[in-house]
1. Identify all residues within region B:142-178 that are out of contact with any Ser or Thr (no Cβ under 6 Å at 6 or more places or on another chain) and farther than 22 Å from A:Gly112 by Cβ; write none if there are none.
2. Restricted to region A:24-59, and to residues that are within 18 Å of the chain's Cα centre (by Cα) and farther than 22 Å from A:Pro381 by Cα, which residue is nearest to the other protein chains (Cβ to nearest Cβ)?
3. Taking A:Ala245 and the conditions (1) more than 16 Å from A:Ser106 (Cβ to Cβ); (2) of a type in the set (A, V, I, L, M, F, W, C); (3) in contact (Cβ under 8 Å) with a residue 40 or more places away in the chain, which numbered condition does it fall short on, given that it satisfies the others?
4. Here's a check for you: in region B:124-155, which residue that is more than 7 Å from chain A (Cβ to nearest Cβ) and in contact (Cβ under 8 Å) with a residue 40 or more places away in the chain is surrounded by the most Cβ atoms within 10 Å (Cβ to Cβ)?
5. Please go through region A:97-124 and pick out each residue that is assigned to a helix (DSSP H, G or I) and out of contact with any Leu (no Cβ under 7 Å at 6 or more places or on another chain).
6. Is it the case that A:Ala82 is surrounded by fewer than 20 Cβ atoms within 10 Å (Cβ to Cβ) and modelled with pLDDT of 95 or more?
7. Is there a residue being crowded, with 22+ Cβ neighbours inside 10 Å, outside any helix (DSSP H, G or I) and more than 7 Å from chain B (Cβ to nearest Cβ) anywhere in region A:169-181?
8. Can you name every one of the helices (runs of 4 or more DSSP H) wholly within region B:216-312 that holds 2 or more residues which are more than 23 Å from A:Ala186 (Cα to Cα), among the basic types (Lys, Arg) and more than 14 Å from chain A (Cβ to nearest Cβ)?
Amino acid sequence: MTGEAGRRVAVTGLGAVSSLGTGVRSFTEAIRAGRSGIAEIQSFDTTGFPYTMAGGIRDFEPESLLARLRVAEWGRSSLLAAAAARLAVQDAGIDPDYLAAASAGSVMGTTGGEAALVDELTGTWVTEGMKNLDRAQVRKVPADRVGAAVNLELELSGEALTIATACAASNYALGYGYDMVRTGEAEFMISGGADSIARWAHAGFYRIGALAESVCRPFDADRSGTLIAEGGVALFLETLDGAVARGARIYAEVLGYGVNCDARHPVAPDPVSIADCIKTAHRNAGVSPEDIDYICAHGTGTPANDATEISAVRAVFGDRLPPISSIKSMIGHTLGAASGFGALICCMALHEGFLPPTANLVQVDPALGPGVDCVPGTSRPAAPRIVENHGFAFGGNNAITILGRAV
Amino acid sequence: MSTTVVAPLAITGCGVVSPAGVGLDALAGWLRGSAEPAQRGAADLDAPDSDPIAGDFPPMPLAAIPGLRVTDYLGKKGIRSLDRTTRLALVACYQALAGMGTPLTDEDRDRTGVVIGTSTGSIRSTSELCRDTYVQEKPYMVRVDQFPASVMNCCASQIAIKNSLHGVNATMAGGRASGLAAIRYARNAIARGHADHVLAGAVEELCPQSAWAWYRSGALTAGAAVGEGAAVFIIEKPEGAAAGGRVPVAELLGCETAIAGTGMRRALARCAERALERSGIPADAVTTVSLGATGLRGLEAAEEDAVRAALGKLPTIQLRPSALLGESFSATAALQIAAVLAAWRTDSAAMGPVALVTSIGHDNDVGCLVLRQPGYNQKPGHDQKG
């Protein structure tokens with residue numbers, strides 16, 4: 001598909017609801033300063049859990065962000081998705097009525113869907129039995145509502161696709177949204193993702209040994225795991241020509257993406273397959289390894305992920321590794337939203353001219369080999385032209401997007 | 001919305017498991033009316049000839065796949081820890097792959113993707129894992145091997161692992177239209193060169209969690225059963241099918257979905273009109289409709305009204321698989337497609353050349369797919385327009 005004619009696709013609006021603030025400005029400012037959004041879990045009772053830290057959002061007020069959705073009818077992930085989408089549209093400076101009348105849709109990624117509702121309903125099962133499941137609650141559970149919430153909030157007339165490809169889902173969503181605009185299937189797409197902190201996911205990550213006690217230190221010699229987190233993120237996509245014509249601020253251009261599947265192990269990642277995915281993404285975007293100025297890593301902070309990821313990058317880039325950092329060091333692992341937050345910070349890095357940092361880094365793990373620049377501490381001024389955004393998932397689902405500075 | 005006519009894709013393999021049994025022929029038999037609607041009581045769910053479905057079910061009709069022993073299809077290796085959602089989809093994939101005229105080569109498998117629709121994954125797996133956090137001595141004492149299964153993409157990734165399929169692997173949460181979401185995603189993946197073949201479909205397992213949810217929701221009409229099933233279709237470009245010596249069983253044409261804030265009827269009618277326009281098919285060429293909302297309070301009539309609005313009338317042949325198979329949420333649209341293929345298989349002439357698959361759900365979702373019998377567009381008088 002390289003060289004195939006298609007419309008160029010621009011990112012012109014960004015929306016974020018995160019533990020590091022609401023709106024792309026406050027989120028970016030916090031990331032650049034290397035601040036942490038990690039705190040004691042408040043969304044469920046942590047009694048009995050050895051580890052109790054996560055990237056929860058303490059100040060999410062859906063009522064103040066949403067114009068149309070009736071908050072009581074929706075789960076937290078759907079509300080996060082809709083709020084991020086609303087913010088992205090506001091940021092894009094496009095008239096909501098014009099958007100509603102246009103050919104526009106959404107594609108959102110999620111790992112757990114309304115996972116926190118499953119917590120609540122299971123609580124009812126345990127204490128009162130399934131015959132007492134709350135009628136209003138059960139109707140809110142299906143994950144397709146994450147995408148539906150975006151379309152209903154913004155009155156979009158096109159499709160609302162919810163991609164549930166776990167922790168690579170937002171990159172899948174960005175790739176699909178890019179294709180829809182590129183091919184003319186839609187004029188505008190909102191791509192992003194959302195997830196909420198759930199008790200069962202926290203337990204599961206702890207049990208498989210993937211959780212850190214309190215600090216997520218990607219690429220560090222002493223890294224011990226990740227921290228689960230939540231958030232909603234959205235990117236507003238339109239044609240580059242259209243964006244220029246309406247005088248929009250253009251954060252970045254989506255250049256292409258690659259997706260593949262290890263098809264080997266339900267949990268353990270595979271460096272050969274990830275390297276293949278990077279190469280495919282480069283080919284589809286029409287770029288070479290030497291063009292890549294920065295990699296926004298999947299970077300979960302588990303010993304296995306980071307070693308596998310660097311090994312895969314090394315297989316593609318050889319001795320010249322681009323700077324590679326993980327924003328999970330600050331916001332934790334927002335699961336289905338993670339690669340969406342990665343894409344968002346990539347857009348800001350291209351637009352404002354910086355490299356996002358890896359916080360909490362004391363010593364880069366020597367076992368990762370030489371030449372690993374994780375941009376430690378705080379952001380670094382730079383002028384990246386083309387960047388690469390990683391998203392990997394359980395099940396060996398890999399998705400990599402390539403973004404370029406708007407020129 | 002784009003109004004260009006889409007390039008047809010070929011379905012070259014199909015696997016289905018439903019309360020009618022395993023395979024298209026069993027489904028065709030039911031559709032011909034040779035069986036009573038599925039209404040098995042909870043007591044039958046652990047019949048000795050089948051994989052049991054444990055748990056306490058609500059007092060309502062249930063429709064389980066009869067006589068299904070997945071080891072008959074999948075062997076015993078690596079099956080024990082898989083939940084029913086994954087097992088049902090694996091059996092459907094096994095059938096779809098085994099039924100292909102020319103099997104996929106290893107090279108093909110590197111370029112074969114999997115796109116599976118499910119709106120909750122196995123809600124039993126997730127709920128049981130979550131239950132352990134409440135009832136075990138320590139809240140973190142969940143089963144390690146159950147954690148990946150509690151995440152929605154488990155099923156699609158297991159299909160890839162068991163069949164060595166390295167292409168794009170995606171999971172679509174699309175409510176009752178999940179099968180249509182999977183087809184839309186698959187179409188784009190093939191058109192954009194991310195895969196040459198895609199196994200696309202959808203799955204829903206019968207379990208106490210979802211049955212009680214339906215019971216409590218009040219969303220089903222009296223007497224409607226909660227069912228289960230999986231249907232998977234092998235999709236590729238017609239030229240790829242021809243080169244591989246595979247004979248298409250159907251052509252996939254327009255497939256449109258949308259979310260409607262108000263006016264679900266009008267939204268579905270518009271969706272159907274768009275799907276036909278993008279298929280280059282006039283409304284009066286539609287001979288069959290496969291309806292999905294049978295048994296859904298408030299939506300059953302809306303769906304039929306919308307089809308009337310889009311086509312001028314209901315087509316002569318109406319398939320209502322949910323009336324026989326029960327409400328199978330995420331698997332619904334995929335089973336509606338399978339019903340069309342099953343009916344074509346037994347009586348292609350009477351069924352006519354073009355079928356519409358419609359979907360409408362409580363999550364404000366509408367969708368419509370146009371299916372055509374292979375070769376129809378070559379017949380005189382029915383040239384594709386547009």
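The values are calculated or read from the model by the stated rules, or taken from the named source; none is laboratory data. Here the structure is a predicted model, which is why all the values come from computation and not from measurement. All Cβ positions, even for glycine, are placed from backbone atoms using ideal geometry, and neighbour counts span all protein chains on display.
1. B:Lys162, B:Asn163, B:Ser164, B:His166
2. Checked region A:24-59; the qualifying residue nearest to the other protein chains (Cβ to nearest Cβ) is A:Ala54.
3. Against the list (1) more than 16 Å from A:Ser106 (Cβ to Cβ); (2) of a type in the set (A, V, I, L, M, F, W, C); (3) in contact (Cβ under 8 Å) with a residue 40 or more places away in the chain, A:Ala245 comes up short only on (3).
4. Our first condition is that a residue be more than 7 Å from chain A (Cβ to nearest Cβ); within region B:124-155, this holds for B:124-125, B:128, B:132, B:136-137, B:141, B:143, B:145-146, B:149, B:155.
Applying the additional criterion that residues be in contact (Cβ under 8 Å) with a residue 40 or more places away in the chain yields B:124-125, B:145-146, B:149, B:155.
Values: B:Arg124: 23, B:Ser125: 26, B:Asp145: 13, B:Gln146: 19, B:Ala149: 25, B:Cys155: 31.
Applying the filter and picking the extreme gives B:Cys155.
5. Just the residues of region A:97-124 that are assigned to a helix (DSSP H, G or I), to begin with: A:97-101, A:115-124.
If the condition is that a residue be assigned to a helix (DSSP H, G or I) and out of contact with any Leu (no Cβ under 7 Å at 6 or more places or on another chain), then A:Asp97, A:Tyr98, A:Ala101, A:Ala115, A:Ala116, A:Leu117, A:Val118, A:Asp119, A:Glu120, A:Thr122, A:Gly123 are the ones that fit.
6. In short, no.
7. No, there is no match, as no residue in region A:169-181 is crowded, with 22+ Cβ neighbours inside 10 Å, outside any helix (DSSP H, G or I) and more than 7 Å from chain B (Cβ to nearest Cβ).
8. Filter on region B:216-312 gives an empty set.
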